[in-house]
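The values are calculated or read from the model by the stated rules, or taken from the named source; none is laboratory data. Treat the numbers as computed from the prediction; the structure is a model and nothing was measured. Glycine gets a Cβ as well: all are built from the backbone with ideal geometry, and neighbour counts include every protein chain shown. These area figures cover heavy atoms from the full protein model, side chains too; ligands, DNA and RNA do not enter into them. Shrake-Rupley method; radii C 1.70, N 1.55, O 1.52, S 1.80 Å.
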Amino acid sequence: MKFNTKTIHGKQHPDFAYGAVMPPIYQTSTYAQTTPGGHKGFEYSRTHNPTRQALENAFASIENGEFGLAFGSGLAAIDAVMKLLKPGDEVISTNDLYGGTYRLFTSIFEGFGIKFHFVGMNNAANIENFVNDNTKLIWVETPTNPMLNIIDIKATATIAKKHNILLAVDNTFATPYLQQPLDLGADIVMHSATKYIGGHSDLVMGALIVSDKDLANRLYFIQNASGAICGPQDAFLALRGIKTLHVRMQRHCENGKAVANYLASHPKVEKVYWPGFENHPNHSIAKSQMNDFGGMMSFNTKGNNYEDAIKVVENLKIFTLAESLGGVESLAGHPASMTHASIPREERIKTGVVDSLIRLSVGIEDEEDLINDLKQALG
Ligand code: P1T
């Protein structure tokens, strides 16, 4: 089955009770038993819920995995991965990543005795310099948030396998429409399903997808034992989102390309970070591991002035100034004060998240309207 069919049919089936084509929202906490243990596969909704299970199967299908798990947020999904570790273990992580992920690693899991190395991965070989006997996990975000760096998943997987380390890839920015990390050798794919998977800015959710049965069982145990599940209503909405993921992504990519090219040609724009440009440092890797380049980008205005950046985001009319990304509507953000404010200033500046940086999530509106909006805001 090809991807565009999988989003609609992959590991999905009409509901067993009445043949409903969309799974009903099973808004129930518990399930009747005829005798202790006598049930139809569902005991309690933290453990299993039919609507969530329908979504988890769809997650597995679109990422070419065997097992999917849905969580109450992207961070809850990352939290579950970290609970595979124990004190003394070490993690090698991308140095440019979502501020909330950095905060979870440094403010919570460092306190539990896990050591993190935040490493520039533009050259995957650099990862090997940080491997030692305690290294248990490599955490990769690609494209990175917000600098749009591209990490070579296949090369990273080769290093991970050589040293028997788990490789997890945060696939939020790319989605499986653009890249499928399990096929490139990753062990775990993670999503903030809040973003492109949901696609309509109406839910908060996380996902994990794996192919290895033992790893899946350990993660299902954590999901049930820690309990950071999503509710059935959100599961229904995310499943509905998945069914149009491919058509939305196609338009995100088209509009993304048009907006990136417009910004790059604008006299007031200093630099645009978008992996589709031939002069992007890892354009060739993006070209080989992604099917297209997506609708996420960041840029600075000339002079790298904080006040100018704030003026631009305040002046936008169609782009909404807001946290988050990946919805049908275009959003603009100021990472230094919004999504990446939890990273110490000197750390984020090292990776390029300067005070003048603006991030765009280009939506699926009319391309001309988006460009005209940027034109008036920059003017
Ligand atoms: O917000 P939540 O669903 O918990 O997902 C966290 C997360 C994880 N990984 C990446 C790459 C992300 O971008 C996010 C959330 N990011 C934003 C809210 C943002 O505006 O960047």
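Key figures for this structure:
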{"quantity": "Members of the stretch 198-208 that are open to solvent by less than 70 Å² (accessible area, probe 1.4 Å) and within 10 Å of the ligand (Cβ to nearest atom)", "calculated": "Gly198, Leu203, Met205, Gly206, Ala207"}
{"quantity": "One residue from Met190, Met205 being touching a Cys at 6+ places or on another chain (Cβ under 6 Å) and touching a residue at least 24 places away in the same chain (Cβ under 8 Å)", "calculated": "Met205"}
{"quantity": "Residue within the stretch 100-114 that is touching a Gly at 6+ places or on another chain (Cβ under 7 Å), touching a residue at least 40 places away in the same chain (Cβ under 8 Å) and within 16 Å of the ligand (Cβ to nearest atom) present", "calculated": "no"}
{"quantity": "Failed item in (1) under 12 Å from Tyr196 (Cβ atoms); (2) open to solvent by 20 Å² or more (accessible area, probe 1.4 Å), with Asn261 passing the rest", "calculated": "(1)"}
{"quantity": "Some residue of the stretch 344-354 being in contact with a strand residue (DSSP E or B) (Cβ under 7 Å, 6 or more places away or on another chain), more than 23 Å from His191 (Cβ to Cβ) and not aliphatic (A, V, I, L, M)", "calculated": "no"}
{"quantity": "Positions within the stretch 118-145 being touching a helix residue (DSSP H, G or I) at 6+ places or on another chain (Cβ under 9 Å), within 16 Å of the ligand (Cβ to nearest atom) and in a loop (DSSP other than H, G, I, E, B), in sequence order", "calculated": "Met121, Thr142, Pro143, Asn145"}
{"quantity": "Spans of strands (runs of 3 or more DSSP E) in the stretch 264-369 with at least 1 residues surrounded by fewer than 20 Cβ atoms within 10 Å (Cβ to Cβ) and among the acidic types (Asp, Glu)", "calculated": "269-273"}
{"quantity": "Residues satisfying the stated conditions in the stretch 80-106, i.e. assigned to a loop (DSSP other than H, G, I, E, B) and within 20 Å of Leu215 (Cβ to Cβ)", "calculated": "Lys83, Leu84, Leu85, Lys86, Asp89"}
{"quantity": "Residues of the stretch 127-151 satisfying the condition of being open to solvent by less than 40 Å² (accessible area, probe 1.4 Å), out of contact with any Ser or Thr (no Cβ under 7 Å at 6 or more places or on another chain) and not polar (S, T, N, Q)", "calculated": "Val131, Leu137, Pro143"}
{"quantity": "Selection count where residues are open to solvent by 60 Å² or more (accessible area, probe 1.4 Å), assigned to a loop (DSSP other than H, G, I, E, B) and either aromatic (Phe, Trp, Tyr) or closer than 25 Å to His246 by Cβ (or both), scope the stretch 1-31", "calculated": "10"}
{"quantity": "Test: Phe42 is in a helix (DSSP H, G or I), assigned by TED's automatic domain parsing to the domain that holds Val169 and without any contact (Cβ under 8 Å) to a residue 60 or more places away in the chain", "calculated": "no"}
{"quantity": "From the options Lys162, Lys154, residue that is surrounded by fewer than 24 Cβ atoms within 10 Å (Cβ to Cβ), among the charged types (D, E, K, R) and without any contact (Cβ under 8 Å) to a residue 24 or more places away in the chain", "calculated": "Lys162"}
{"quantity": "Candidate set from the stretch 45-58 (those that are in a loop (DSSP other than H, G, I, E, B) and open to solvent by 40 Å² or more (accessible area, probe 1.4 Å)); member that is nearest to Pro176 (Cα to Cα)", "calculated": "His48"}
{"quantity": "Out of Pro24, Pro14, sole residue that is in contact with a Ser or Thr (Cβ under 8 Å, 6 or more places away or on another chain) and not hydrophobic (A, V, I, L, M, F, W, C)", "calculated": "Pro24"}
{"quantity": "Qualifying residue in the stretch 92-103 (condition: more than 24 Å from Ala124 (Cβ to Cβ) and open to solvent by less than 30 Å² (accessible area, probe 1.4 Å))", "calculated": "yes"}
{"quantity": "Yes/no for Leu85 being modelled with pLDDT of 95 or more, of a type in the set (A, V, I, L, M), touching a helix residue (DSSP H, G or I) at 6+ places or on another chain (Cβ under 8 Å) and within 16 Å of Met205 (Cα to Cα)", "calculated": "no"}
{"quantity": "All positions within the stretch 209-233 that are within 12 Å of the ligand (Cβ to nearest atom) and surrounded by 24 or more Cβ atoms within 10 Å (Cβ to Cβ)", "calculated": "Cys230"}
{"quantity": "Residue match in the stretch 300-323 (condition: within 27 Å of Val169 (Cβ to Cβ), touching a helix residue (DSSP H, G or I) at 6+ places or on another chain (Cβ under 9 Å), within 13 Å of the ligand (Cβ to nearest atom) and modelled with pLDDT of 95 or more)", "calculated": "no"}
{"quantity": "Hey, Gly295 away from the ligand (no atom under 12 Å from the Cβ), small (Gly, Ala, Ser), touching a Ser or Thr at 6+ places or on another chain (Cβ under 6 Å) and at pLDDT 95 or above or not", "calculated": "no"}
